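This report refers to the structure that appears directly beneath it.
Just so you know, all these numbers are worked out from the coordinates, no wet-lab data involved. None of these values were measured; they are calculated from a predicted model. Quick reminder, even Gly has a Cβ in these numbers, built from the backbone with ideal geometry, and neighbours come from all protein chains shown.
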Amino acid sequence: MSFVLRDAVPADVPVLLGFARGLAAHEGRPEAVTATEADLHAALFGTPPRGWALVAERDGAAVGFAAWSYRYVMYRAATMLYVTTVFVDEAARGGGTGRAIFGELARRALREGCLGVDWGVREDNATALAFYASIGAERRTGSASMTLRGEALERMAAWTSQAELAHA
Amino acid sequence: MNTPFTLRDATPADVPTVTRLVRALAEYEKLAHEAKGTDADFHAALFGPTPRAGALIAEVDGRPVGLCVWYRTFSTFTARHGIWVEDVFVEEPYRGRGIARAMFRTLARRVIDEGGARLEWNVLDWNAPAIAAYRAMGARSMDAWKIQRVDGAALKTLAGG
């Protein structure tokens, strides 16, 4: 079994949009996805790009993705990698793909000089909240945003996805 | 009558002004202990090889009196970007003459011109004058993303007395 995390390429757009629709349906708001393939292509691969994405593949088939942009916290003079979407196909869940994706995002954040990785989570998503706690994320007081910083960020970046997944 | 103000995009020469106004805002927001950015940090963020943010400077009689820092956000579901207003600060003697409103208007126009969909920002919940001004501007609160709590007497009421 092979597992790969790689930057999204234009040919991934239909699959990414399908995953986004799957996620919106899972969240009970299928109407939330209004993007067309052309929109997503322009956003990820236009000049300048407005978002970035990576794809998780098992045995050559896409099983998940993450998309992100960057936020700048002025008073701290710090850039945060802000994850807008993470999705793992239902058939591939429970195999460490989500953890591997966050590990890759953490490595990328450190490489790019970001202070941390932030994302939002719905308050009622208990499964997600438990998973995020398990990877060292904190809930920022007074908001439903999650953040990975400092040691937790380093730990996540050190996650060796392939080795772990070989045992999964 | 108030002297008119002008708004323009910051240039590298404005970096010391940016640092000064960011610190002034941090004082106002009671976050001064967290305001650690230096001129070098802000120069890199605004004008480095990978800019992370943009800044507007408000001037009265050629003197900088206000700052607005912003950056672009992204939505996977809509594949359209937005502008996030990170900081707005106007020095106290120059408030109440529409400078902040003009900053929001400038960014609203910018995001529309770029084909984006949203202008968004945070406000500290104790800042009632700002919240009132934002409502007047047509902003809505993203209440779905706030923590709710029921405790004390309200909890007993909810539990049925």
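Could you check the simple spin-label distance between residue B:40 and residue B:137, using points 7 Å along Cα→Cβ, in nm with one decimal?
Calculated label separation equals 3.4 nm.
Using the Cα gyration tensor of segment A:1-152, with a ≥ b ≥ c the square roots of its eigenvalues, what is the shape: rounded (a/c below 1.5), prolate (a/b larger than b/c) or oblate (neither)?
Rounded is the answer for segment A:1-152, as its axis ratio a/c remains below 1.5.
Can you tell which of B:100, B:133, B:58 shows the greatest fluctuation in a Gaussian network model of chain B with Cα springs below 10 Å?
Residue with maximal mean-square fluctuation among B:100, B:133, B:58: B:133.
Order of A:101, B:112 from fewest to most other C-beta atoms within 10 Å?
Placing the least packed residue first, the sequence is B:112, A:101.
Which value at 222 nm does the protein assembly as shown reach when only helices count, each DSSP H run of 4 or more adding -39,500 (n - 2.57), with the total divided by all residues and rounded to the nearest 500 deg cm²/dmol?
Helix-only estimate at 222 nm: -10500 deg cm²/dmol.
Between residue A:2 and residue A:34, what length comes free when the chain is fully extended (0.36 nm per residue of separation minus the Cα-Cα distance, one decimal in nm)?
In short, 8.2 nm is gained.
Treat every Asp and Glu Cβ in the protein assembly as shown as -1 and every Lys and Arg Cβ as +1, leave all other atoms uncharged, and give the resulting dipole magnitude about the Cα centre to the nearest 20 debye.
540
Which residues in segment A:77-95 place their backbone N less than 15 Å from a point set 7 Å from the Cα of residue A:134 along the Cα-to-Cβ direction?
Within reach of a label on residue A:134, which here means backbone N under 15 Å from a point 7 Å along Cα→Cβ, segment A:77-95 contributes A:88, A:92-95.
Take the alpha carbon gyration tensor of segment B:39-107, find the square roots of its eigenvalues, order them as a ≥ b ≥ c, and report rounded if a/c is under 1.5; if not, report prolate when a/b exceeds b/c, else oblate.
In terms of gyration-tensor shape, oblate.
Mind giving me the FRET efficiency for residue A:9 and residue B:28? R0 is 51 Å, r the Cβ-Cβ distance, nearest 0.05 is fine.
For R0 = 51 Å, the calculated efficiency reads 0.65.
Quick check on chain B: of the DSSP beta bridges with both residues there, what percent are antiparallel, nearest 5%?
85
If you rank B:30, B:36 by fewest surrounding Cβ atoms within 10 Å, what's the result?
Going from sparsest to densest Cβ surroundings: B:30, B:36.
Name the shape class, rounded, prolate or oblate, that the alpha-carbon gyration tensor gives for the protein assembly as shown, where a ≥ b ≥ c are the square roots of its eigenvalues, rounded holds for a/c under 1.5, and otherwise prolate holds if a/b is larger than b/c and oblate otherwise.
Taking the square roots of the gyration eigenvalues as a ≥ b ≥ c, the protein assembly as shown is prolate.
Can you put B:71, B:28, A:70 in order of Cβ neighbours within 10 angstrom, beginning with the fewest?
Ranked by crowding around the Cβ, least crowded first: B:28, A:70, B:71.
Enumerate the calculated ³J(HN,Hα) couplings along segment A:87-102 in order (Karplus 6.51 cos²θ - 1.76 cosθ + 1.60, θ = phi - 60°), each rounded to whole Hz, writing x wherever the residue is Gly or Pro.
Calculated HN-Hα couplings, in order: 9, 10, 4, 3, 5, 9, 6, x, x, x, 5, x, 5, 4, 5, 5 Hz.
State the extension gain, in nm to one decimal, for the chain segment bounded by residue B:117 and residue B:11, taking 0.36 nm per residue of separation less the distance between their alpha-carbons.
This chain segment gains 35.5 nm when fully extended.
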